[in-house]
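Read-outs: derived from the displayed coordinates by stated rules, not from any lab. None of the values given here were measured: they were computed from a predicted structure. Neighbour counts run over all protein chains shown; Cβ positions are idealised from the backbone, glycine included.
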Amino acid sequence: MSTETPEAAGASAVPIIEISNLNKWFGAFHVLRDINLSVAAQERVVICGPSGSGKSTLIRCINRLEDHQEGLIVVDGIPLTRNIKNIDQVRREIGMVFQQFNLFPHLTILENCTLGPVWVRKMPRQAAEEIAMKFLERVQILDQSAKYPGQLSGGQQQRAAIARALCMEPRVMLFDEPTSALDPEMIKEVLDVMTGLAESGMTMIIVSHEMGFASQVADRMIFMDDGQIVEVNTPQAFFNNPQSDRTKLFLSQILRH
Amino acid sequence: MFFRDQSEMLPARAAPITEVGIVGWLRINLFSSYPNSALTLVSLTLLLLVVPPFIDWVLIKAQFSGDTGEACSGIGACWAWVDQRLGQFFYGFYPAEAHWRVNVTAVLLVPAILYVLVDNLPGAKFGRWFSYVYPLLAAYLLVGGFGLEVISSDKFGGFMLNMIVGLTGIVLSLPIGVLLALGRQSRLPVIRLFSIAFIEAVRGVPLITLLFVAIVLLQLFLPPEVSLDQLLRVIIMVTLFASAYMAEVVRGGLQAIPKGQIEGAQAVGLGYWQTMRLIVLPQALRISIPGIVNTFIGLFKDTTLVIIIGLFDLLGHARLLQTNPDWIGDVDHEAYLFSAAVFFLVCFLMSRYSVSLEKQLSKDRH
């Protein structure tokens, strides 16, 4: 077993995210242990693992929704420190999609999408709306743009959340179990949008248990357990010939049904 | 086997009389069950016992003219004092030749409030601006200076005093309360501790005590050359008192906002103040509307406590009337009833606005 990062086939070698010797504690609990990970521009990485393994915490560290105690995270050349300016800069580079969508219920879908461009990028409202329309069309809910989030189905809300993140024109997109809160018939519409995004060359780090989707889209699979990276592999090798026993056990449990 | 031919299809019939119209309404709302019917009958009886005699006393048998309590019959209410005293009830001892200044201030208050409370009024842009300038304009009109005769604040009184203290308190306590509520949740210990200390200290003391502090004690701590106007001190204390309550009401709203909202805002790149202003507060304040208006109403009624420190508000003038030799013993009920009615009207309006605002907001979003 090794935590060395094998170079992903086909992706460019320029790393956009570099995580080295990352350690994080929640109080006394050692939640992330010696994480080393480098993600290349345009690479798609899928992280899976049992609940409580630290996979969500790891990606939440990348845009500083969680702080860390040891180690270094560098996003597009900007080190994540306590420096609020760096944090703001990094967050502009990164879009995030949450399990619970986290759309703003008091704003329309269009307003949800223009909020970042207008207030963070200081874009004129009209330009922001044009961008928002573009991305809402891309996730196929342009016709819902005047509605409030509460009026949309779960799948539509999650697609709106993806559009909202894209409106900031990020270089990296983080997905934290984007389909876990969805009814089964809505999962596909969200995965289709994500597949389209992957094909367009977006750098993506995805925490997900959708293994069919992962095998299609991922350049690299990462398996985490107990706050550490247990296995890094190509999707083919990961699903057909996993190296670690822990991975084998996990896959046998989730692929059984 | 059953079969119904197209020509035999049943037409819709009118609903039975027990379901629609007046009978339907009565049955559904007043006589839906035995206990409900019993309550309806008891309520009707009580209303019949109370309302007609009350109207009889207040209006029908009432006395409307006369110069002293001698004129009062004793059978019905005596409103003879209104002619002489209504001015004092509303203006206090504000000079009669300057009453127009209070009137103008009161009339201008209507658009100033409406442009804040109601969306989509014509000329909203100018109106909003007017609302912001109004407090300065009102202060200028009421106090004077710059060409207007200066009228010292100890002449202020009557309902005008309640309105000045109440409205200033309402307008200032909300933003201060919001800041205190945010401060109480701050990650910076200094700000958090200050907010908690302020809220607990002010909330833990009766308003009357604070008013005494404002009048008697404050001067001990201030340098002798600084002399704060008495009315200003009262306004400051009432505002601080209401702010502490407001902070706790708003904190309740803040705590109801899921953490994911803040994370969503952070992920989009918004800073702390942007997140609060654009995402958290609009939702938190909406939830808090009933509590906020409740605090406003409480504050407004608390303005009557200024009587303790020798200021005569509406209630104060009601008591003055009762102790006046011309009227003593004759108009006790009437004076209180009148004051109560005026306060009720204002508080009821606030309450109705709060209800309509809640309805409108819930309609907008769903």
Among the aspartates and glutamates, which have Cα under 12 Å from the Cα of residue A:248 when same-chain residues fewer than 8 positions away are ignored?
A:231
When a/c reaches 1.5 or more, the comparison of a/b and b/c decides; with that in mind, is the protein assembly as shown rounded, prolate or oblate per its Cα gyration tensor?
prolate
Sequence-distant aspartates and glutamates (8 or more away, or on other chains) whose Cα lies within less than 13 Å of residue A:134:
A:143, A:169
Explain nothing, just the number: relative contact order of chain A, from Cα pairs under 8 Å at least 6 residues apart, as a whole percent.
26 percent
For the residues A:113, B:72, what sequence is obtained by ranking on other C-beta atoms within 10 Å, fewest first?
B:72, A:113
Say we join alpha carbon atoms closer than 10 Å with springs in a Gaussian network model of chain B; which of B:234, B:20, B:58 then has the biggest fluctuation?
B:20
Shielding score for A:106-115, defined as the mean number of other chain Cβ atoms within 10 Å:
3
Per-residue counts of other Cβ atoms within 10 Å, averaged by peptide: what ranking do you get for B:312-323, A:195-206, B:139-150, highest first?
B:312-323, A:195-206, B:139-150
What is the mean number of Cβ atoms from other protein chains located within 10 Å of the Cβ atom of each residue in peptide A:140-150, rounded to a whole number?
1
For every helix of n ≥ 4 consecutive DSSP H residues, a contribution of -39,500 (n - 2.57) applies; sum these over chain B, divide by its total residues, and give [θ] at 222 nm rounded to the nearest 500 deg cm²/dmol.
-21500 deg cm²/dmol
Of B:311, B:186, B:222, which is farthest along the charge dipole of the range B:154-365 in the positive direction, counting Lys and Arg as +1 and Asp and Glu as -1 at C-beta?
B:186
With the alpha-carbon atoms as the only input, what is the per residue convex hull volume for the range B:95-151 in Å³?
76 Å³
Please work out whether the range B:154-365 counts as rounded, prolate or oblate from its C-alpha gyration tensor, where a ≥ b ≥ c are the square roots of the eigenvalues and a/c under 1.5 means rounded, while otherwise a/b larger than b/c means prolate and anything else oblate?
oblate
Where does each of B:78, A:48 land when they are ranked from fewest to most other beta-carbon atoms within 10 angstrom?
B:78, A:48
For the range A:10-142, just run the numbers: alpha carbon Rg, then divide by 2.2 N^0.38 Å, N being how many residues it has.
1.20
Out-of-range pairs (alpha-carbon distance over 29 Å; input A:85/A:147; B:259/B:301; B:301/B:359; B:125/B:259; B:61/B:155):
A:85/A:147; B:259/B:301; B:125/B:259; B:61/B:155
Surrounding net charge for residue B:182, when Lys and Arg each add one and Asp and Glu each subtract one, Cβ distance under 15 Å:
+4
When only C-alpha pairs under 8 Å and at least 6 residues apart count, what is the relative contact order of the range B:154-365, in percent?
28 percent
Fluctuation leader among B:310, B:76, B:264 - chain B, Gaussian network, Cα springs under 10 angstrom:
B:264
Whole-number percent relative contact order across chain B, with pairs defined as alpha carbons under 8 Å at least 6 apart:
17 percent
Using each residue's phi in the range B:254-265, evaluate 6.51 cos²θ - 1.76 cosθ + 1.60 at θ = phi - 60° and report the 3J(HN,Hα) Karplus result to the nearest Hz, with x for Gly and Pro.
4, 6, 7, 7, x, 4, x, 5, 5, 5, x, 5
Cross-link partners of residue A:55 among lysines (Cα-Cα below 17 Å; sequence separation of 8 or more within a chain):
A:24
For residue A:194, what charge total do you get from the other residues with a beta carbon under 13 Å from its beta carbon, if Lys and Arg give +1 and Asp and Glu give -1?
-2
A student applying the Cα gyration tensor rule (rounded when a/c is under 1.5; otherwise prolate if a/b is larger than b/c, oblate if not) would label the range A:146-214 oblate
Which ³J(HN,Hα) values, rounded to whole Hz and listed in residue order, are derived for the range B:113-122 from phi using the Karplus coefficients 6.51, -1.76 and 1.60 in 6.51 cos²θ - 1.76 cosθ + 1.60 with θ = phi - 60°, glycine and proline given as x?
6, 4, 5, 7, 8, 10, 7, 6, 7, x
Which of the cysteines found in chain B have nothing to pair with, since no other Cys Cβ lies under 4.7 Å from theirs?
B:347
Quick check on the exposure proxy: order A:254, A:47, B:292 from fewest to most C-beta atoms within 10 angstrom.
A:254, B:292, A:47
Over all viewing directions the Cα convex hull of the range B:264-304 casts an average projected area in nm² of 3.4 nm²
As a test of the formula, what do you get for chain A when each DSSP H run with n ≥ 4 contributes -39,500 (n - 2.57) and the sum is divided by the residue count, at 222 nm and rounded to the nearest 500 deg cm²/dmol?
-11000 deg cm²/dmol
